[in-house]
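The values are calculated or read from the model by the stated rules, or taken from the named source; none is laboratory data. Treat the numbers as computed from the prediction; the structure is a model and nothing was measured. Every residue, glycine as well, gets a Cβ built from its backbone with ideal geometry; the counts of neighbours run over all protein chains shown.
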Amino acid sequence: MQASNWDFIPMRDPFPLERVTGTDGEEVALWIVDLERLSSIQAQAMAQIIASNRDIDPRLRTPGLEQILKMQLAENAIATGGCSVFDVLTGRAMVDALNKIDPNNNYSLVGDDNFEDDEIYE
C-alpha cells in the first residue's frame, strides 16, 4: 500500500533531531522538517502556521515558503479588500493586493497605463 501525503511529514536526513537552547535557557529537542519534500498542501499549512507566528527561525524561511507566504497574504488581502467580482476576474484585485503587501514594488496590469480608472469601467 502506497503512503499518501497525509501519512507522514518528511524529516531532514540523516539527522532529523536537533537540540537547541530555548529562550528560557532550557535545552529543547526539535524535529527538523525537510521543507524541500513537503507536498503543496503541507507547504500551505506550514505557511499559515508561520504567518500566524512572528518569531520565526530563519532556517525555516526558504524561497518556496516565502512565495507561499506572499500568496497567502495576497489571498487574505483580496478576501478582506471588498473587491468586486469584476476586479477579481480582471486581475485588478490581485494587483491592488500586491501593492498593499509589497509597497516597495509598483504592480500594474498589462496596458493599465493606457487607461484611467473611470475609463475601464465604462
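Cβ-Cβ distances below 7 Å connect the following pairs, each with a first residue in region 71-91 that is at negative phi, a second residue that is basic (Lys, Arg), and a separation of six or more residues or different chains: Ala77/Lys100. Within region 99-122, the set of residues being assigned to a helix (DSSP H, G or I), modelled with pLDDT under 85 and surrounded by 10 or more Cβ atoms within 10 Å (Cβ to Cβ) comprises Ile101, Asp112, Ile120. Once region 17-51 is narrowed to residues that are of a type in the set (Gly, Ala, Ser) and in contact with a helix residue (DSSP H, G or I) (Cβ under 8 Å, 6 or more places away or on another chain), the residue that is surrounded by the fewest Cβ atoms within 10 Å (Cβ to Cβ) is Ala51.
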